[in-house]
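So the structure is just underneath, and the comments pick up after that.
The values are calculated or read from the model by the stated rules, or taken from the named source; none is laboratory data. Just so we're clear, the structure is a prediction, and the values are computed from it rather than from any experiment. When we count neighbours, we look across all protein chains shown, and the Cβ atoms used for this are built from the backbone with ideal geometry, even at glycine. To get the accessible areas, we keep the full protein, side chains included, count just its heavy atoms, and leave off ligands, DNA and RNA. Shrake-Rupley method; radii C 1.70, N 1.55, O 1.52, S 1.80 Å.
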Amino acid sequence: MLNKNQITDIFFDLDHTLWDFEKNSALTFEKIFRELNIQLNLDDFLSAYSQINHRYWKLYRENKISQLELRHKRLIESFEAIDYRFDLEDINNLSIKYLLHLSTFSNLFNGTISLLEGLKLNYQLNVITNGFEVVQHHKIKNSGLANYFKNIITAEKVGYKKPNPIIFEYALDQTKTTPENSLMIGDSLEADILGALNIGMQAIHFNSHNEPLHDHCPIVNNLYEIKGML
């Protein structure tokens, strides 16, 4: 159960929580494959990429690969998974175009604006994200979210990724609040939920990609459910 009477600050993850990464990523690939005349079955590619991308982000937040390796290897392995022949020299150009166009799409999860409009009346709202600094700021601006958030904390700026306690402690320091007065809302049990709980924050798990159920904190399947909890 949440102790909502203690909460003054709410911290949101961005991708897969408010900003619909899967939908926007699909539109980005569709655009750049068309621009570069890459002929493949988009659905097959996206099916492979979704799982591979999740795996490489896990490696990235565990500091087992670099940002450049993340950007390149997820593409290479996705092409290989669907037996599409590609030139390794084109991967860097494709990666650059992907990040350039990704933040221009602005699809949000259903209920995002309604939720933020309600919460901003009673709480200070912030973002903690493992995404890249420039890209995340562009996503927030282009999707109309900028005015809702007091602080936007990125792992690239802090130098530590969720679930490392340092990025949460940095966020608390920036917002001048305490763990007991803070709530984290995110899609990743490992990065968002356990990371927040381990330093004493409260949490709500927005289970947007069907992670296993647990009893660490409340779990919701859509953002509308959160309004009734706060």
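Restricting Ser106, Ser114 to residues that are in a helix (DSSP H, G or I), of a type in the set (Ser, Thr, Tyr) and open to solvent by 40 Å² or more (accessible area, probe 1.4 Å) narrows the list to Ser114. Checked across segment 152-167, the condition of being over 16 Å from the mean Cα position of the chain (by Cα) and of a type in the set (D, E, K, R) holds for no residue.
Within segment 210-230, residues that are within 15 Å of Gly118 (Cβ to Cβ) have Cβ atoms under 6 Å from residues that are surrounded by fewer than 13 Cβ atoms within 10 Å (Cβ to Cβ) and not aliphatic (A, V, I, L, M) in these pairs: Leu230/Lys4, counting only partners at least 6 apart in sequence or on another chain. When His16 is tested against (1) in contact with a His (Cβ under 7 Å, 6 or more places away or on another chain); (2) more than 23 Å from Asn210 (Cα to Cα), exactly one condition is not met: (2).
Here is the figure for segment 143-160: residues that are closer than 25 Å to Gly118 by Cβ, in contact (Cβ under 8 Å) with a residue 12 or more places away in the chain and not charged (D, E, K, R) total 8. In segment 172-180, is there at least one residue being open to solvent by less than 20 Å² (accessible area, probe 1.4 Å) and closer than 18 Å to Lys120 by Cβ? The answer is yes; a qualifying residue exists. In segment 185-207, the residues that are closer than 17 Å to His54 by Cα and part of a helix (DSSP H, G or I) reach residues that are open to solvent by less than 30 Å² (accessible area, probe 1.4 Å) and among the basic types (Lys, Arg) with C-beta atoms within less than 7 angstrom, at least six apart or across chains, in these pairs: Ala191/Lys162; Asp192/Lys162.
Based on this model, can you work out whether His54 counts as in a helix (DSSP H, G or I) and closer than 27 Å to Asn222 by Cα? Taking the combined requirement at face value, the residue satisfies it. One residue stands out in segment 15-30 among those that are aliphatic (A, V, I, L, M) and farther than 11 Å from Phe109 by Cβ: the one that is surrounded by the fewest Cβ atoms within 10 Å (Cβ to Cβ), namely Leu27. Does Ile204 satisfy being of a type in the set (Val, Ile, Thr), closer than 26 Å to Leu99 by Cβ and at pLDDT 95 or above? It is false that Ile204 is of a type in the set (Val, Ile, Thr), closer than 26 Å to Leu99 by Cβ and at pLDDT 95 or above.
Which is open to solvent by less than 50 Å² (accessible area, probe 1.4 Å), in a helix (DSSP H, G or I), in contact (Cβ under 8 Å) with a residue 60 or more places away in the chain and among the aliphatic types (A, V, I, L, M), of Ile140, Ile128, Ile91? After applying the criteria, what remains is Ile140. Could you list, in sequence order, all residues of segment 31-45 that are surrounded by fewer than 18 Cβ atoms within 10 Å (Cβ to Cβ) and without any contact (Cβ under 8 Å) to a residue 60 or more places away in the chain? Hits for segment 31-45 are Phe33, Arg34, Asn37, Ile38, Gln39, Leu40, Asn41, Leu42, Asp43, Asp44. Does Leu46 count as modelled with pLDDT of 95 or more and not in a loop (DSSP other than H, G, I, E, B)? Yes, satisfied.
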